[in-house]
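Novice: Before I ask anything, let me first share the structure, which is written out below as structure tokens.
The values are calculated or read from the model by the stated rules, or taken from the named source; none is laboratory data. Owing to the predicted nature of the structure, the values given are computational and were not obtained by experimental measurement. Reconstructed Cβ throughout: ideal geometry from the backbone, glycine too, with neighbour counts over all protein chains shown.
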Amino acid sequence: MKFLLPAGVIIAVFFVHLVMHEFPQLPPRVQYVPELLIGLCGAICLARLVALRRFGLVPLRYWVVFFVFTYVVVSSAIVNHVAPDVTFAGIRFYFRYVTLFLLPFAFDYDERDVRRLGILLVVLALIQVPVAFKQRFIEYVAAVDRSGDAISGTLSLSNSLSLFSVGMITMTAAFYIARRMGVLLASALGLLFLLPATLNETKVTPIALGIGVIAVLVARRRHVKPRQVVVVSLTGVLLLGLFVGIYDRLYSSAGVPGYVQFMTSKEQVLDNYSVRGVKAKKLHLNEQNKLVAKPVRLTEQAKWIGRFDGVRMPFDVLLEQDLSRFLLGLGIGSVSSDFGSGGRYRYLNHELDATGTTITQLLWETGLLGGILGVALVLLFVRDAWARSRSEDDMGNFAAGWFGTTCVVLCTLPYANYVGIPEVTCLIAFFSGVVVRSFGTLKVPHQLRPQTRSAYVHLGRIRA
């Protein structure tokens, strides 16, 4: 059961979007199948945690983040008079992953279980290759919109596909460095994992991949051989060249720069893409569905709100209007939800791109305090993966790859909205729980370096 529960959720989350797309005659409620499975996991998980008295296995720091965030959510709902149905929808967005994080504390996942789940992820990653090629060269070859946004494999968004691909390549690098995988197999898998991400125009893919692989090398710096560094570097250059070549072939044309020209041009990557100079007027915040803030172009270019513009918007609008709303936000679901009566401030999605990134949505719906707590949670994942990667067992090898993956997540919080991409976020929650829980079953080898041993003992979850 401990394998079937996470495997069932992962498979359902990865394929529900494709099933809904291929069979449009299905009733809309089919999209809730993954959430029903998550609810089932939650019921079983809570029953085991209570029966076996395992709540104490969860480190205190995670309980603190959870309860403080819950306090922020409740306070925000009260201050903003958020409708019950909207609050319910917000809870679905923000708290459904808690179950997956707690699952490894209800069941004991050893290295064999993680290996089986890893094989499942490899199969899912390989399935993305033919599906992405079919979407790019058959379904959308004659589409008016030739962007790569529609190329998402079996997942819901192109960003999801790219981030999942980057995570799989990062994990592959970690197991190659640990000598659990040969160079030919690792290179072949890295190439196959990258192919779908080369088709969907996600420009951050090479940057995210570089962050992940460098983080793995840093985590395993005492174990990596010079030859492995050379192999990883040459493979990285090859993958980068493949990405640039395919990107330029598919998306560059007369008047449209290639990838290198785009990424090395301040005018392109900042002024025309991420920092467009769009500001929000400081208008009165009212209770009706009227504009809270309206974007105003500082130039005569067409309106396009860059990602960094979107992060600044809550400060422009909320800070000088109402300090409590700036600290607590407008309430979960009030900006993002269309469930029931719909969020009171949904129009901010269209006017200010209020759910464009994780940071942006947290600031709008949970305020500055919620945004800080969201970043703090990811930092805890990074910290624990780093500490666990210093062991020399197979779980330490996995944690080294997970450290690279969580570093990518941390760095892309202002780029992607993890609240809205369940395929990636469910993996982050579950495998972070696996890494954190593994401290409780780790016996500290006496031959470890003193500084490594002290790092384990400091976490307080180790059996001597």
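Novice: Assuming GLY374 fulfils every condition listed in (1) at pLDDT below 90; (2) of a type in the set (Gly, Ala, Ser); (3) out of contact with any Lys or Arg (no Cβ under 8 Å at 6 or more places or on another chain) apart from one, which condition is it?
Specialist: Every listed condition holds for GLY374 apart from (1).
Novice: If you go through the stretch 439-459 one residue at a time, do you hit one that is at pLDDT 80 or above and either touching a Leu at 6+ places or on another chain (Cβ under 9 Å) or buried (at least 17 other Cβ atoms within 10 Å of the Cβ) (or both)? Before you say what the answer is, go through the steps one by one.
Specialist: So the first thing to find is which residues in the stretch 439-459 are at pLDDT 80 or above, and the list is 439.
Then drop every residue that is not either touching a Leu at 6+ places or on another chain (Cβ under 9 Å) or buried (at least 17 other Cβ atoms within 10 Å of the Cβ) (or both), which leaves 439.
Yes, that holds for at least one residue.
Novice: Turning to a different aspect of this structure: Quick test for you: out of PHE133, PHE137, PHE67, pick the one residue that is in contact with a Pro (Cβ under 9 Å, 6 or more places away or on another chain), on the phi < 0 side of the Ramachandran plot and of a type outside the set (S, T, N, Q).
Specialist: Values: PHE137 fails: in contact with a Pro (Cβ under 9 Å, 6 or more places away or on another chain); PHE67 fails: in contact with a Pro (Cβ under 9 Å, 6 or more places away or on another chain).
Of PHE133, PHE137, PHE67, the one residue that is in contact with a Pro (Cβ under 9 Å, 6 or more places away or on another chain), on the phi < 0 side of the Ramachandran plot and of a type outside the set (S, T, N, Q) is PHE133.
Novice: So, one more: When you scan the stretch 150-182, how many residues do you find that are over 15 Å from the mean Cα position of the chain (by Cα), modelled with pLDDT under 90 and in a helix (DSSP H, G or I)?
Specialist: Looking only at that region, the number is 0.
Novice: Filter the stretch 183-222 down to the residues that are surrounded by fewer than 17 Cβ atoms within 10 Å (Cβ to Cβ) and not in a helix (DSSP H, G or I), then identify the one that is nearest to the chain's Cα centre (by Cα).
Specialist: For the stretch 183-222, the residue satisfying everything is ARG221.
Matching residues to (1) over 18 Å from the mean Cα position of the chain (by Cα); (2) surrounded by fewer than 24 Cβ atoms within 10 Å (Cβ to Cβ); (3) not in a helix (DSSP H, G or I):
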| position | (1), (2), (3) |
| --- | --- |
| SER341 | yes, yes, yes |
| GLY356 | no, yes, yes |
| LEU362 | no, no, no |
| LEU368 | yes, yes, no |
| LEU379 | no, yes, no |
| VAL382 | no, yes, no |
| SER391 | yes, yes, yes |
| ALA399 | no, no, no |
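Novice: Would you mention how many residues in the stretch 340-386 are among the β-branched types (Val, Ile, Thr) and in contact with a strand residue (DSSP E or B) (Cβ under 8 Å, 6 or more places away or on another chain)?
Specialist: 0
Novice: Output the number of the condition that GLY153 fails; it satisfies all remaining conditions of (1) of a type outside the set (Ser, Thr, Tyr); (2) on the phi < 0 side of the Ramachandran plot; (3) surrounded by 22 or more Cβ atoms within 10 Å (Cβ to Cβ).
Specialist: GLY153 satisfies all of (1) of a type outside the set (Ser, Thr, Tyr); (2) on the phi < 0 side of the Ramachandran plot; (3) surrounded by 22 or more Cβ atoms within 10 Å (Cβ to Cβ) except (2).
Novice: Let me ask you something else. Kindly list the number of the only condition in (1) crowded, with 16+ Cβ neighbours inside 10 Å; (2) assigned to a loop (DSSP other than H, G, I, E, B) that fails for ARG136.
Specialist: Looking at each condition in turn, ARG136 falls short on (2).
Novice: For GLN25, all conditions in the list (1) surrounded by fewer than 16 Cβ atoms within 10 Å (Cβ to Cβ); (2) in a helix (DSSP H, G or I) hold save one; what is the number of the exception?
Specialist: Unmet for GLN25, out of (1) surrounded by fewer than 16 Cβ atoms within 10 Å (Cβ to Cβ); (2) in a helix (DSSP H, G or I): (2).
Novice: Also, quick follow-up: Within the set of pairs 6+ apart or on separate chains, which have a first residue in the stretch 49-60 that is at negative phi, a second that is surrounded by 13 or more Cβ atoms within 10 Å (Cβ to Cβ) and not in a helix (DSSP H, G or I), and C-beta atoms under 9 Å apart?
Specialist: Qualifying pairs under 9 Å: LEU49/VAL58; LEU57/ARG461; PRO59/ARG461.
Novice: Continuing with this model, one more query. I'd like the full set of residues that are more than 18 Å from TYR415 (Cβ to Cβ), among the basic types (Lys, Arg) and touching a residue at least 60 places away in the same chain (Cβ under 8 Å), limited to the stretch 194-252.
Specialist: ARG220
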